[in-house]
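Take a look at the structure below.
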């Protein structure tokens, strides 16, 4: 019986069948190659989570910065740029980045000796200087210890005892083991705290080795009647958070509690906040006031 298809037609049919087979096979092959394995999916998910965490951290940083700077109200008052802390400088009108540069300058031993020298602060404008000029009061630099006293103290270093809340960097260096760097760190931390209530707080300064702290702490007494406190019933969350003993969440919790109760009476009011441990309450207590 004669085939209805010629030899050439059979050849064409075979080629067409082969092409269709190759096409169908390639579809399955592509699916196999492009479908990610479980490990690859997990890796992609992990990378996505990391990117999300970075975005969230940036958002938290923006919120932190906003609370830290925008809540400081302009309040012109007399100040000494050589001793004023960051809150005081923000209150009189300095921008946050200017304050950071000023603090770094002071940490390196820098000092403004006249009102006019304040004009040289990077970023100072004529408008800002005119605003703060009447309130600038620069104390004269003076060595609180005479040459005769220095000689005596150097001879009797083992017996030197200083009031940790009143001694300056020059006096601190009379104690064996304290140089320029440690002296500046001790004074700077005193300013950040608002004063020391115990010489043991020096152990919170990470830059000073334990062996040095063990040797210098016995040389200090602490009179805490000059502690600078934060009025809880008037301070913003940003002002509270600037204290080394308060985290952002704790400062915000205190601020929200005050808004709820209108006025906080004493440190016991903070014990209802879950973000505080009893140890943290006792540690911050000397630095908070509850006046109306």
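Checked against the criteria, residue 223 counts as at pLDDT below 90 and in contact with a strand residue (DSSP E or B) (Cβ under 6 Å, 6 or more places away or on another chain).
Against the test of being over 24 Å from residue 224 (Cα atoms), under 25 Å from the mean Cα position of the chain (by Cα) and without any contact (Cβ under 8 Å) to a residue 24 or more places away in the chain, the options 256, 278 yield a single qualifying residue, 256. Scan 37, 119, 108, 78 and give me the residue that is over 27 Å from residue 235 (Cβ atoms), in contact with a helix residue (DSSP H, G or I) (Cβ under 6 Å, 6 or more places away or on another chain) and either outside the structural domain of residue 168 (by TED's automatic domain parsing) or at pLDDT 80 or above (or both). Unique residue meeting the criteria: 119. When segment 96-123 is filtered for residues that are surrounded by 15 or more Cβ atoms within 10 Å (Cβ to Cβ) and in a loop (DSSP other than H, G, I, E, B), the ones remaining, listed by number, are 112, 115, 121.
Looking at segment 221-234, is at least one residue more than 30 Å from residue 252 (Cβ to Cβ), in contact (Cβ under 8 Å) with a residue 12 or more places away in the chain and part of a helix (DSSP H, G or I)? Among the residues of segment 221-234, not one is more than 30 Å from residue 252 (Cβ to Cβ), in contact (Cβ under 8 Å) with a residue 12 or more places away in the chain and part of a helix (DSSP H, G or I), which makes the answer no.
For segment 243-263, taking the residues that are modelled with pLDDT under 90 and outside any helix (DSSP H, G or I), the one that is nearest to residue 189 (Cα to Cα) is identified as 263. When restricted to residues that are in a helix (DSSP H, G or I) and either surrounded by 14 or more Cβ atoms within 10 Å (Cβ to Cβ) or at pLDDT 90 or above (or both), segment 136-151 contains 1.
A quick yes/no check of all residues on (1) touching a strand residue (DSSP E or B) at 6+ places or on another chain (Cβ under 6 Å); (2) surrounded by fewer than 18 Cβ atoms within 10 Å (Cβ to Cβ); (3) farther than 20 Å from residue 107 by Cα; (4) outside the structural domain of residue 106 (by TED's automatic domain parsing):
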| position | (1), (2), (3), (4) |
| --- | --- |
| 164 | yes, no, no, yes |
| 172 | no, no, no, yes |
| 180 | no, yes, no, yes |
| 211 | no, yes, yes, yes |
| 255 | no, no, yes, yes |
| 261 | no, yes, yes, yes |
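The values are calculated or read from the model by the stated rules, or taken from the named source; none is laboratory data. Remember, predicted model here, so these are calculated numbers, not experimental data. In this analysis, Cβ positions are derived from the backbone assuming ideal geometry, glycine residues included, and neighbour counts consider all displayed protein chains.
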